[in-house]
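Contents: one structure, followed by commentary.
The values are calculated or read from the model by the stated rules, or taken from the named source; none is laboratory data. Quantities reported herein were computed from a predicted structural model and do not represent experimental measurements. Reconstructed Cβ throughout: ideal geometry from the backbone, glycine too, with neighbour counts over all protein chains shown. Side chains are part of the model used for accessible areas, which takes the heavy atoms of the whole protein and leaves out ligands, DNA and RNA. Shrake-Rupley method; radii C 1.70, N 1.55, O 1.52, S 1.80 Å.
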Amino acid sequence: MSPVLASFDSGVLQVTLNRPEKLNALNPEMHKLLRQALERAADEREVRALLLTGAGRAFCAGQDLSERDVSPGAAPIDLSVSLGSYYNPLVRRMRELPKPVVGAVNGVAAGAGANVALACDIVLAARSSFFIQSFSRLGLVPDAGGTWILPRLVGKARAMGLALLGEKLSAEQAAEWGLIWKVVEDDGLLSEAIQLARQLAEGPTKGYGLTKRAMHASSGNSLDAQLELERDLQREAGFSEDYREGVSAFKEKRAPRFKGK
Ligand code: LHQ
């Protein structure tokens with residue numbers, strides 16, 4: 001079985017991390033397959049939303065630690081290579097994909113696995129799942145965008161507590177703190193996530209892509225710069241077929257039929 005599964009249906013590319021016996025801990029092979037899936041999502045017009053989840057009882061336990069030789073005589077490991085080659089491009093691809101990415105956190109999301117989950121645009125989490133910034137337990141710094149996204153989502157005080165203490169954060173608490181969109185009962189998670197991804201896949205894909213750009217740019221922009229960006233992106237959105245369809249549907253008092261362009 002492939003360690004990353006990809007299947008396409010109803011506009012949604014579902015990508016499943018599939019090494020359940022290792023709690024879907026990420027290795028280079030999985031990164032390669034994840035990259036291919038994200039490239040497919042970017043290239044294929046029919047793909048209008050991506051759904052990321054995990055097989056078995058975990059979403060993802062972060063970097064595969066079994067592949068690291070840390071015995072006393074072993075050469076020091078340069079972790080920047082792994083971040084530069086795999087994690088940083090992964091997070092960038094997810095953020096830059098001009099289509100919605102839904103994360104369905106089915107179980108534990110630890111270390112880089114937690115931050116890959118948080119790089120999704122909308123995160124649903126099973127009630128029994130939890131998040132751990134487990135880096136401090138290994139003497140490491142939160143990576144895969146953790147030090148960027150955590151303070152922005154939950155504020156510096158909570159971000160610092162999560163990072164330094166490395167304690168479990170329940171799905172419920174994560175939702176209460178604004179880290180994720182919603183908690184879903186365990187047995188309904190995948191079907192609700194698929195339903196949501198399909199809903200998004202029927203939406204104005206172009207407008208969604210532009211919305212992602214605006215949202216992601218906002219944290220580095222002044223209000224003035226953001227207003228200018230909104231003006232430019234709205235210009236682009238206004239030229240889309242979906243804008244015409246949206247306005248027509250409103251006037252005709254019917255549901256819009258967006259084509260994603
Ligand atoms: C694992 C892993 C794992 C391998 C469970 N690797 N096998 C660092 C370096 C470079 C660049 C990128 O970024 C990073 C950041 C990182 O992501 S570092 C890794 C951060 N992740 C962790 O520290 C999590 C480590 N795992 C755990 O703390 C526990 O496994 C959790 C809390 C996730 C789940 O605990 P349990 O439910 O008690 O399960 P378990 O510990 O028994 O794990 C089940 C199996 O999965 C077990 O294998 P085994 O052969 O003994 O049954 C674990 O060894 C394996 N596994 N995480 N990251």
### Message
With open to solvent by 80 Å² or more (accessible area, probe 1.4 Å), within 30 Å of Glu44 (Cβ to Cβ) and not acidic (Asp, Glu) as the only criterion, which of Arg158, Arg213, Arg137 stands out?
### Response
Arg213
### Query
Picking from Arg45, Arg93, which residue would you name as being away from the ligand (no atom under 12 Å from the Cβ), assigned to a helix (DSSP H, G or I) and in contact (Cβ under 8 Å) with a residue 24 or more places away in the chain?
Arg93
### Leading residue by the ranking (farthest from the ligand (Cβ to nearest atom)) among those in the stretch 1-35 that are touching a strand residue (DSSP E or B) at 6+ places or on another chain (Cβ under 8 Å) and under 14 Å from Leu97 (Cα atoms)
Val12
### Task
Take the stretch 1-44 and flag every residue that is closer than 19 Å to Arg92 by Cα, open to solvent by 30 Å² or more (accessible area, probe 1.4 Å) and of a type in the set (A, V, I, L, M, F, W, C).
Leu33, Ala42
### Query
Among the residues of the stretch 53-63, which ones are within 11 Å of the ligand (Cβ to nearest atom), part of a loop (DSSP other than H, G, I, E, B) and either touching a strand residue (DSSP E or B) at 6+ places or on another chain (Cβ under 6 Å) or modelled with pLDDT under 95 (or both)?
Ala61, Gly62
### Summary
Here the qualifying pairs (Cβ atoms under 6 Å; residues six or more apart or on different chains; first in the stretch 164-180 and farther than 21 Å from Leu138 by Cβ; second open to solvent by 40 Å² or more (accessible area, probe 1.4 Å) and within 14 Å of the ligand (Cβ to nearest atom)) come out as Ser170/Phe130
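Yes/no per residue for (1) under 27 Å from Tyr208 (Cβ atoms); (2) in contact with a Phe, Trp or Tyr (Cβ under 6 Å, 6 or more places away or on another chain); (3) loosely packed, with under 15 Cβ neighbours inside 10 Å:
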residue	(1), (2), (3)
Glu46	yes, no, yes
Leu50	yes, no, no
Gly54	yes, no, no
Pro76	no, no, yes
Glu96	yes, no, yes
## Note on the structure
Every listed condition ((1) over 22 Å from Leu124 (Cβ atoms); (2) open to solvent by 10 Å² or more (accessible area, probe 1.4 Å); (3) over 18 Å from the mean Cα position of the chain (by Cα); (4) touching a residue at least 40 places away in the same chain (Cβ under 8 Å)) holds for Asp64 save (2)
### Query
Quick check, is Val184 of a type in the set (Val, Ile, Thr), more than 20 Å from Ser218 (Cα to Cα) and buried (at least 22 other Cβ atoms within 10 Å of the Cβ)?
yes
